[in-house]
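Accompanying notes for the structure given below.
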Amino acid sequence: MPAPHPPLGAYYRTEGDRRAWVRGIFDRTAADYDRLERIVGLGTGSWYRGRALRDAGLKPGMSVLDVGTGTGLLACAAARIVGDPARVTGVDPSPGMLEHARVPAGLRLLSGSAEAIPAPDCSADFLSMGYALRHVGDLSAAFAEFYRVIRPGGRLCVLEFTQPAGAVPRAIVRVWLNGFVPVIAALIGRRDAPLLMRYCWDTIAACVPPETILRAICEAGFVDAERHVELAIFSAYRARKPP
Ligand SMILES: C[S@@+](CC[C@H](N)C(=O)[O-])C[C@H]1O[C@@H](n2cnc3c(N)ncnc32)[C@H](O)[C@@H]1O
């Protein structure tokens, strides 16, 4: 199974360069990330994240691994639902993002990636990932690793942007993410904030289709894989590890 998108020549040359470039851009924009996220999501991000986790089966008392946790926005939503921040662990390869995370006491943050999660086999009731799947190097490796760390019967929830299928919604999203948001980012953020927003749009536009992501989830061994879509762009991939 390939990377979620081919190398993007406007930013780095080869797949081998991608990991360092992605880490660098998130490190350099980490201080602005939460503000940019509020603009992109028009302030609905926290509400949407919580609802998506609940809809995917997250319940009080469950243990959660949040992979690609960044500044911890999805991990915080998970902690509110499970009722104890100590039940939630966030994992991310960007030291800058982890440094700027504002999470409740008890919530653990670890350095790691989707391809190498620092957690024992079968240790999590629930694994979440928010808007980080486009940045992994290999879909099969990532979903195999998710399968390894989730306990039998446990659940997976991956939130991701998807390019809308229709021409009109696609044009609206492109103008928003690739036109308006980078201009606002230039006004309120540091030097690389507009670059991050443009990169974000380019990875969405170049990403493999949802069917490929669902196939990768199933090939890893998950069952009941499904994709729930809202506003044509917000995809929630849900699945379960067999008991
Ligand atoms: C757009 S941010 C999402 C942060 C957070 N999950 C949220 O919901 O706002 C994407 C995150 O993915 C991380 N990332 C990049 N490559 C990754 C990988 N291979 N595995 C896991 N996370 C990765 C980045 O460092 C960044 O923090």
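Counted by neighbouring Cβ atoms within 10 Å, the residues Phe234, Phe180, Phe222 run from fewest to most as Phe180, Phe234, Phe222. Reported to the nearest whole Å, the Cα centre-to-centre distance from region 97-120 to region 194-235 is 22. Couplings for region 3-18, taken from phi via the Karplus curve 6.51 cos²θ - 1.76 cosθ + 1.60 with θ = phi - 60°, read 5, x, 8, x, x, 9, x, 6, 10, 8, 8, 10, 4, x, 7, 4 Hz in order; Gly and Pro are left as x.
Find the eigenvalues of the gyration tensor of the Cα atoms of region 84-214, then list the square roots of 5 times those eigenvalues as equivalent ellipsoid semi-axes, largest first, in whole angstrom. Don't skip to the end; give the middle numbers.
Details: eigenvalues 170, 84, 29 Å².
With the √(5λ) rule applied to region 84-214, the semi-axes are 29, 20, 12 Å.
Please list, ordered by chain and number, the residues whose modelled amide H lies under 5 Å from the amide H of Val88; skip anything fewer than 5 residues away on the same chain. Under 5 Å from the amide H of Val88 lie the amide H atoms of Val64, Arg108, each far enough along the sequence or on another chain. Under conditions of 25 °C and 0.890 mPa s, the chain yields 137 µm² s⁻¹ as its translational diffusion coefficient, taking Rh as the Kirkwood radius over Cα pairs in the Stokes-Einstein equation.
Residue-wise HN-Hα couplings along region 222-234, as the Karplus relation 6.51 cos²θ - 1.76 cosθ + 1.60 with θ = phi - 60° gives them from phi, are 5, 10, 6, 6, 8, 10, 10, 10, 10, 6, 6, 10, 8 Hz; Gly and Pro carry x. Put in line by how crowded their Cβ is, counting other Cβ atoms within 10 Å and starting with the fewest, Cys122, Cys207 read Cys122, Cys207. Once backbone amide H atoms are built at 1.01 Å from N, Thr69 has Val91, Asp92 as its partners under 5 Å, excluding neighbours fewer than 5 places away on the same chain.
Scattering from region 106-155 was approximated by placing one identical point on each alpha carbon and applying the Debye formula without solvent; log10 I(q)/I(0) at 0.18, 0.27 1/Å stands at -0.56, -1.18.
For His228 and Ala116, what does the FRET efficiency come to when R0 = 35 Å and r is the distance between their Cβ atoms, rounded to the nearest 0.05? Intermediate values should be presented prior to the final figure.
Working: r = 28 Å, r/R0 = 0.81.
Here the calculated transfer efficiency is 0.80.
For the chain, the 222 nm mean residue ellipticity estimated from helices alone, with every DSSP H stretch of n ≥ 4 adding -39500 (n - 2.57) and the total spread over all residues, rounds to -13000 deg cm²/dmol. In order along region 88-95, phi translates into HN-Hα couplings of 10, 10, x, 10, 7, x, 9, x Hz, rounded to whole numbers, per the Karplus curve 6.51 cos²θ - 1.76 cosθ + 1.60 with θ = phi - 60° and x for Gly and Pro.
Values in this text are rule-based calculations from the coordinates and carry no lab data. Predicted, not measured: the structure shown is a model, and the values here were computed from it. Positions of Cβ are generated from backbone atoms using ideal geometry, with glycine treated the same way; all protein chains shown enter the neighbour counts.
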